Each structure stands twice: as structure tokens, then as C-alpha cells.
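**Q** Questions regarding the structure given below will be posed in turn.
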Amino acid sequence: MPAPDSSASLTEAPARLRRIALAGNPNVGKTTVFNLLTGLRQKVANYPGVTVERKSGRLVGAEPAEVIDLPGTYSLNPKSLDEQIAYDMLVGRIEGERSPDVVVCVADASNLERNLFLVTQVMDLGLPTVVALNMMDAAEAAGLRIDTESLSRALGLPVVPMVAAQGKGLEELRAAVLNLPEPPTPRRWTLMDVVDARVRELTEVLADAAPDLPEAHRFSEVLHALAEDKALEYWETRAPAFKQAVEQARQTLNERNVPYRFAEVMGRYNWLTPLVAQLVTRHKDPSERTWSDKIDAVVTHRVGGPLIFIVTLALIFQAVFTWATPAMDLIEASMMALGTLVRDLLPAGAVTDLLVEGVIAGVGNVLVFLPQILLLFFFLGLMEDTGYMARTAFIMDRVMNKVGLSGGSVVPLLSSFACAIPGIMAARTLDNERDRLITIMVAPLMSCSARLPIYTLFIAAFIPAGVLFGFVGYQGLAMFSMYLMGIVMAFVAAWILKKFVIKGASSYFVMELPPYRMPKIKHVLWRMVERSKIFVMRAGKIIFGLSIVLWFLASYPKVGPSPEFEAQQAAVETQRQVSLDQIAAARGVTAETFMALDPVVAAMQFQEAGAAARLDSLRALYPNQVAGALSVYEVEQQYQAELQQITDAEDGYRIRNSIIGWMGRILEPVMQPLGFDWKISAGIVTAFAAREVIVSTLGILYSVGEVDETSIALRDQLKADRYPDGRPVYTALVAVSLLVFFVFALQCMSTLAIARRETNSWFWPAVMWLYMTGLAYLFSLIVYQGGKALGLG
Amino acid sequence: MTLKDLKPGESGTITGYTETTPPMRLMEMGMLPGAVVEVVRLAPLGDPIDLKVRGYHLSIRKHEAGMIEVQRV
Ligand SMILES: Nc1nc2c(ncn2[C@@H]2O[C@H](COP(=O)(O)OP(=O)(O)O)[C@@H](O)[C@H]2O)c(=O)[nH]1
Ligand SMILES: [Mg+2]
């Protein structure tokens, strides 16, 4: 991170108010307040280098001020990536970002004490601060009355009571912000004496060691460095003298048995607890069960809890997979139509090919997942806003803990069933770096929706349609096994990674269970759109580029027309002419008769009603001519079919000689032990960009033209394919081996790109790719060779 | 005794920690000496536990609960 440069905004008051940052605990209504302040004029971007969303907008009204919605944080001593960003933003430590001119600290009135903890930390940064005391309605419902004026006096900050969900308090908040409050007096609380003395010394050391650090930030930095190793490490290269001094101070304090790590937290709460007791009056017995408690009694019940969880999941999956289908079909059809349109409008040539087969097909590959992603984000948003999300973590933590993860990984892993990208992005809420990394590393093992086309094609083609025990279909069972295999392997991989590979602080589980709230559908929809936009932009760019590259690989080098195919074509041509001459000679059919019959035959071809009757009546009149014309028709039909076959074979020939075909043949010896021929190998190469591409590659290789996974033609071609010695290329065993390969292999550029961004290195994506490809190879090998040994081949 | 020994429905006052380095997050969430904690319920599989402290619900694992010394009230 660059040297902080926010001193300007601290020493001289800004002429105008330019930046307002919203800080606060998670779930206190920051985003709701943000929406109120900005209206709909907001934009979502990313902080440099990480995928944490940077939400900003313009303050409604005359003042040209930017409002920034920071990620939720419980403390300014950051634990998660989200929290790190919130802190770095406040102290102006992010590239291209200045410290805010005003901080609006949103606090939950119904949970005042813990919320004020963060407020006291923000105050100590010396920035002008306004407290938006939100959720006054919830506080009222809980029987709490808060003396906001006394609170304001005690904190030395403006306090604005609000009910953001109903828009109450907006004007007052705006006024308080525009008024640009005086910076607060920091440190209204007291640190225990021994620690305080050390902190004073260390503050001076830091001032000398890091002169660029604004004076107002020194105190917080010293507290963080004293308490947490991660914060201390930050100074290792930037201010080694300071780091050394802190280590020494820690040692002295340790020797005297001073609980210095908790001094700050205790100091703050010791000041807050009596204050809150004084300012808040209760009208209800606090032990009385609230609505939220009653819902929890059911939702986290020993039996009911898991049951509700499973049913909820099943419903979400059902919705994501079935509701999305019509929209996905529509998108596919539209992209196809667009391709045809472009072909019609532009002259034929390499550019048009690239545009249609590379660009449009590539964009289609991304867009086709959009309906599923939208639905998934909608349901996740609903789970988040109702408070159910935290309960899923609560219910599942025990299970996840067994493999070394925590309940917090449940949602990222579940999201990965739709797509690993949102799954990996969701992992950033985890406050343990090690857990986050492990979650990212195993998320792509969950069977995402891009694997579905491959599962569908091969299961439909090679798994018998029979039924087990009268109700379990073999095909359904096979599909289920694919998902199960991925889940089990994700758990095993997580366990291994935790045990042997990724070291770090051991994880703990400390999570708030927020009260249940009625979700605001508008809010959920809005966020769904925002997140999907990010997904489309990010995945889109990569797949877009890669599709173009793939298209080149499959199209070049261009081979000239092969004499073999030209000869075949000529032969078919001659055959047709000979047949036509024969018919003409035998029946005396003239061209006119054929012309007269043509519409009727065409009608028959399309199976139009009445065509047969019309043909019969004609036959009664001219029996000889009709019979002859039908023969002509048959000859024409056969001619067309044979011509098509040759064209398809030529396409196949071209691909075989393209770079991809060449790669497939190079890979063939490596893939042979898994039962894969060069075509499957070539398909796997193309599937590296995006898994589902293998279906269209096989379509091209098998020369059946445009296909999708439901294509009967492709299925039949696969079944009919033979090695030169007559063995079938695909047996059920090869199909299973291929399916297993696709369960484990990481064939998705977008996932690698996201993993790179989220881990900030190429190392982890490389490890991810290697271990998953290794697993895929190993398990396919076991399946194929094992199956052969058992005589199943 | 530690927080782990309290049954659902029971409350205790935190008196200290058995470990020298319990998670910082626990303290920041208000689990400090003097605070009164109620064990509300256990998760379906027995772990983690749902606590009520300073007027809100906090969930922690039994492992962490075992670090927190309490006095039953
Ligand atoms: N009862 C009540 N609910 C609110 C209020 N403000 C926001 N909410 C709800 O609290 C939940 C969390 O709000 P959100 O703005 O996403 O919080 P954030 O996580 O801090 O950004 C949403 O379901 C909001 O509708 C309020 O003043 N009263
Ligand atoms: Mg928010």
C-alpha cells in the first residue's frame, strides 16, 4: 500500500464537503441509509486489487459530495478482508482514495452497547463524525427508550435517530452532515494505566519511525499493533524500529502479567457499559421472548432446523434449475438468431466467422448462465436480509468444522453449485484468512451449472434409462452421484489443505445471530442486479477473449480443399445424374410432371395434412408419372443427405488438422489410459475455457453441425463411433470415466481469474488447477482401468 | 466453571478467561468480565451454542465457550 496521504484533509478543514463514508456493524442498515442519501445515483466498482465492492453515489441535493458505503465491520482492528477495506478507507490508505471528510457511523439502536464500541473507535480517528442511530422502531418494539440528547453530549457527536427503512430521519441526517461537525475529542475512555504509559511511548516511537502517518491515526495504529500480530507485521518493513519497540513492550507487559491484548476493548466497554445503562430505559422484561426468538425456536430446532434447511436448499435448487430453463433457452435461441442475422448481413469471410463463432458464441456462453446467477443471487439476498443466512451457518458449523471449515463457508460453497465465481466472491465475508483460502480452493469442486450439459449428454447417451427399486432412475442416480462426488471431494480436499498445506491462525467461530427481519424485495432485487452485473463484466471479459482464441485454434491453420472430398462430391454428383437418367428412361417422366408434383412432395416432407390425399388423387390420374416423380424425389433426397455428410466430414477433417485437433492428437497417448480418444482429448482442451464448450466441440468433431446436449444426433454419433479396429470409442465405462473427469477437473478460466483476484497471486490458482486436474486424471484412471479389470469395458 | 458447563436457559457472569490468547473478536463482541451471558440453545448437532449477551444473540463454539470462565447466576 502506498504511503498514506490524507494529512491535507486533516490539518486544513476542507473548503467543501466532498466525501462522506458510511461505517457501521454489519446489518445495521448502512446500505439502506446509503440508498436514502444517494437516491439511485450510485455506482458499484471494485477497490483496486480486491473484489470488495466499492459502492458510491452522489449525495442528493445541491452539494456535490460523494457518499461511500463501506463494508460492515465490528471493529477497526480488522479481521476479514471486508473489515480491512473499511479501515483502510477511513484512514485513507487505499490507492487513489482520500480519507473521508465526514464519517456517518450507522448504529443499531436496538443493540446500542455493542454498536457504540465501533463508534468509539471511529471517534478516535479524529474525523468529523455523525452517529445515525438507526432502527429506532426495533428499539421501541424491544421496549427500549434511548436518551439521544444525553448520548450526543456524552459522545460529543451529533446523534440522529432514524428509521431508515421508512425514510425517517433523512433530513436531520443530511442537515447534520452538511453542517460539517467539529472533529470529536478522541479518547473519552481510559486505558489501564500500565498499558497507557506504554502506548504513549510507542506513539512517540511511531511518530519518528513513520513520519508520514497522520498524527490522528497514530493512537489506533499503536493499539492495533500491540494487540494483533497481523497489524504488527504491517510495520515490519515500513517502520522496523516501531515493530521492535512493540515487541519489547509486549514482552515487558507479559512479564508483569498485564492483559494488554484486551486493554483497549476493556477500556472502551468499561466506559460504555455504565453510559448505556444510564441512557437506556427498559419498558419490557429483557428475558421476554421476542418474535425473533420464537422463530429461532423452530428454525434452529434440533429436528426442525436441519429439515427446514434441507427443504429451503431443495427449493432454491429446484428454482434455480427449472425456472431458469426457459430464459436460458431464450438466450441461446436469441444468440443463435443474432449469429444468423450477422451472417446474412455481412459478407462471408474470416471476420464474419470470428464474429459469429467466436464473439457471439462466446458472449452467449456467459449470458446463458445469467438467469441462474440472477435467481441464485435473489435467493441469497433474501436469506441475507431475513437473517436466515446466519442460521444456516449456525446449523451447519458442526459439520463443516469436522473438515476444518466453519459455518461461514456454507453459503460460499452452496453458491458454487450455480457457479464458482459468486461462491468464491462470497468467501470474503469469512474473517479467518485460512478458512477463506481453503473455501476458495475447494469451491470449484462443487458441481456448477456449466457441468450440467456434459452430465446431461453423457448420462442420456450411455446410462440405461432403467429404474432401481421401482422409483430410483439410473440416470437420476448417476446425476446425483456426480454432485455427491464433488461434495465429498471438496470436504476431503478441505481437510487435507487444512491439515497439511495452508497454515495460519486456527479458526474460531464467533458470529452474530441478527434478529429476523422482513426483507425489502426492492432492496434484494437491486442488489441481485448489481452483483450480477459484476459477474457478467468479469466473467464476460475473460470468456469473451478466450472464445476468440479458441475459435482461432479450431479454425486455423486453414487446410485447402482436400482432393478426397472433391472426388467424393463428384462421385455423388455423377450417381445422382445416372439415377435421374435411369428414371427418365424407364418411366418417361418429363420435367413438367415433376414440377407439378413438387409442391405436393414438399408438403409431404413437412407432413402437411391433406398432402397424401392430394398425391393419391394425382396418382389415379397419372400413375406412371407419379411413381417416377417419387423416385426422382427420393434420389434428390439421398443426394442432399450424402452431400451434407461430405460437408460435415470435411468440417471434421478441418478441425482434425487445426491446432486444436493437433493438440487432441498430442494428448491422446496421455488420455488413452482414461479411455479417451483424440476427439475427447481435443474436447477437453477446448473445455478449458469453459466446460460446456466440449459439447459444441464434439458436435463439430462428429460433424453433426450445431448441437446442444439434448441433441439426439450427437448421442447417436457418439454411440456409433468406432476405433479403426472396430472397437466402439464410447462404452458406458468411457462415459463414466469422462463424467468423473468433468466432476473434478478445473476447466474454467473465469474461476482461475477470480481466484487470482481474491488471493492476489497466481500461486493459489495454479495449485487449484494442478490439484483438481490431478484428481480428475487419477479418478478417471481408477474408474477406467478398474472397470476394465472387472471386465466392464 | 466455564460457559461450556451452562445448560440452555442458564445464565452466568463472565469472570475471566482460561487462556491467555482467546480470539480478540470474542472481546470485541462484548464477551468481557462482568458481562452477563445466557445460554439460549444449542445448535441442532450440539455445537455451536446460541448466547444472549448485552441484549443480542451471539453464536460461538463450545471450544471457545470452554475458554470463558463464568459464575452461574
Ligand atoms: N426495522 C428496521 N429495519 C431496518 C431499518 N433500516 C434497515 N432495516 C433493515 O435491516 C436490514 C439490513 O439493512 P442493510 O441496509 O442491508 O444493512 P447493512 O448490512 O448495514 O448495509 C434490511 O432488511 C433492512 O430492510 C430500520 O430503521 N428499521
Ligand atoms: Mg450493506
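The values are calculated or read from the model by the stated rules, or taken from the named source; none is laboratory data. Note that this is a predicted model, so its numbers are computed, not measured. Quick reminder, even Gly has a Cβ in these numbers, built from the backbone with ideal geometry, and neighbours come from all protein chains shown. In case anyone asks, the SASA skips ligands and DNA or RNA and just uses the protein heavy atoms, side chains included. Shrake-Rupley method; radii C 1.70, N 1.55, O 1.52, S 1.80 Å.
**Q** Quick one: dipole size for the range A:280-321, taken about the Cα centre, charges +1 on Lys/Arg Cβ and -1 on Asp/Glu Cβ, in debye to the nearest 20.
**A** It works out to roughly 40 debye.
**Q** I want to check the label-to-label distance for residue A:469 and residue A:722. Put each point 7 Å from Cα in the C-beta direction and report it in nm to one decimal.
**A** 4.1
**Q** OK, next. When the helices in the protein assembly as shown are scored as -39500 (n - 2.57) per DSSP H run of 4 or longer and the sum is shared across all residues, what 222 nm value do you end up with, to the nearest 500 deg cm²/dmol?
**A** Rounded to the nearest 500, it is -18000 deg cm²/dmol.
**Q** Going out from 0 in 5 Å bins, what whole percent of all Cα-Cα distances in the range B:3-72 drops into each bin?
**A** Spelled out per bin, shortest first, that is 4, 19, 33, 29, 12, 3, 0.
**Q** With labels modelled as points extended 7 Å from the Cα through the Cβ direction, what inter-label distance (nm, one decimal) is found for residue A:204 paired with residue A:577?
**A** Label at residue A:204, label at residue A:577, 10.7 nm between them.
**Q** Compute the acute angle (0 to 90°) between the alpha-carbon long axis of helix A:749-759 and the principal axis of greatest extent of the alpha-carbon atoms of chain A; round to the nearest 10°.
**A** Roughly 10 degrees, rounded to the nearest 10.
**Q** Quick check: the angle from helix A:623-656's long axis to the longest principal axis of chain A, C-alpha only, nearest 10 degrees?
**A** It works out to around 40 degrees.
**Q** Along the charge dipole of the range A:193-282, pointing to its positive end and built from +1/-1 on Cβ of Lys, Arg, Asp and Glu, which listed residue (A:199, A:266, A:226) has its Cα farthest out?
**A** Positive-most Cα among the choices belongs to A:266.
**Q** Taking a cut-off of 17 Å between Cα atoms, list the aspartates and glutamates near residue A:533, but don't count ones fewer than 8 places away on the same chain.
**A** Correct list for residue A:533: A:53.
**Q** Out of all Cα-Cα pairs in the range A:340-479, roughly what percent, to the nearest whole number, are more than 26 Å apart?
**A** 48
**Q** Also: With solvent modelled as a 1.4 Å probe, how much accessible area in total do chains B and A shield from it at their shared surface, in Å² to the nearest 100?
**A** Summing both chains' loss of accessible area gives about 3400 Å².
**Q** Just going by the charge dipole of chain A, with Lys and Arg at +1 and Asp and Glu at -1 on Cβ, which of A:723, A:70, A:763 is farthest out on the positive end?
**A** A:70
**Q** Another question, then. Could you sort A:736, A:130 by accessible area so the largest value comes first, with the probe set to 1.4 Å?
**A** Sorted descending by solvent-accessible area, the residues read A:736, A:130.
**Q** Further question: Please name the residues of the range A:385-399 whose accessible area, counted over protein heavy atoms with a 1.4 angstrom probe, falls by no less than 50 Å² between the chain alone and the full protein assembly.
**A** A:394, A:398
**Q** Calculated FRET efficiency, residue A:541 and residue A:313, Cβ-Cβ r, R0 25 Å, to nearest 0.05?
**A** E between residue A:541 and residue A:313, to the nearest 0.05, is 0.20.
**Q** Sticking with this structure for a sec: Compute a Gaussian network model of chain B, connecting alpha carbons closer than 10 Å, and tell me which residue from B:19, B:28, B:38 fluctuates the most.
**A** Result: B:28 has the largest fluctuation of those listed.
**Q** Counting heavy atoms of the protein chains only and a 1.4 Å probe, report the per residue accessible area for the protein assembly as shown as a whole number of Å².
**A** With all protein chains present, the protein assembly as shown gives 44 Å² per residue.
**Q** Now a separate question. To the nearest 20 debye, what is the magnitude of the charge dipole of the protein assembly as shown about its Cα centre, counting +1 on the Cβ of each Lys and Arg and -1 on the Cβ of each Asp and Glu?
**A** Dipole about the Cα centre, nearest 20: 1580 debye.
**Q** Next question, about the same structure. How high is the FRET efficiency from residue A:456 to residue A:788, r the C-beta distance, R0 25 Å, rounded to 0.05?
**A** Between residue A:456 and residue A:788 the formula returns 0.45.
**Q** OK, next. Tell me which lysines have Cα within less than 28 Å of residue A:230's Cα, excluding those fewer than 8 residues away on the same chain?
**A** Those lysines meeting the cut-off are A:30, A:55, A:79, A:243, A:402, A:498, A:499, A:503, B:62.
**Q** Okay, moving on. I need the fraction of alpha carbon pairs in the range A:25-176 separated by more than 22 Å, rounded to a whole percent.
**A** 37
**Q** Using the alpha carbon gyration tensor of the range A:269-370, what are the three equivalent-ellipsoid semi-axes (square root of 5 times each eigenvalue), largest first, in whole Å?
**A** Here the semi-axes work out to 59, 22, 10 Å.
**Q** Only Cα pairs under 8 Å and at least 6 apart count here; give the relative contact order of chain A as a rounded whole percent.
**A** Relative contact order of chain A: 10 percent.
**Q** Run the dipole for the range A:165-321 about the Cα centre, Lys and Arg Cβ at +1, Asp and Glu Cβ at -1, nothing else charged, and hand back the magnitude in debye, nearest 20.
**A** 640
**Q** If one puts a single equal scatterer on every Cα of chain A and applies the Debye formula without solvent, what log₁₀ I(q)/I(0) results at q = 0.06, 0.08, 0.09 Å⁻¹?
**A** -0.52, -0.81, -0.96
**Q** Tell me which of A:277, A:331, A:136 sits at the most positive position along the dipole axis of the protein assembly as shown, charges placed on C-beta atoms (Lys, Arg +1; Asp, Glu -1).
**A** Of A:277, A:331, A:136, it is A:277.
**Q** If the cut-off is a Cα-Cα distance under 13 Å, which aspartates and glutamates reach residue B:7, setting aside same-chain residues fewer than 8 apart in sequence?
**A** B:38, B:47, B:50
**Q** Just check the range A:193-282 against the gyration tensor rule for me: Cα atoms, a ≥ b ≥ c as the square roots of the eigenvalues, rounded for a/c under 1.5, and otherwise prolate or oblate depending on whether a/b exceeds b/c.
**A** Prolate, because a/c is 1.5 or more and a/b exceeds b/c.
**Q** Can you give the angle from 0 to 90° between the axis of helix A:611-621 and the longest principal axis of chain A, with both taken from C-alpha atoms, to the nearest 10?
**A** Tilt relative to chain A: about 10 degrees.
**Q** Would you mind giving the three semi-axes, in whole Å and largest first, of the ellipsoid equivalent to the range A:172-240 according to its Cα gyration tensor?
**A** 28, 16, 12
**Q** Right, here's the next one. Compute the accessible area of each residue in the range A:283-330 twice, once for its chain alone and once with every protein chain present, using a 1.4 Å probe on heavy atoms, and list those whose area falls by at least 30 Å².
**A** Residues of the range A:283-330 that lose at least 30 Å² of accessible area once the other chains are added: A:289, A:293, A:300, A:302.
**Q** Where the Cα atoms of the range A:91-140 are projected onto their three principal axes, how long is each span, largest first, in whole Å?
**A** Reported extents, whole Å, longest axis first: 41, 17, 16.
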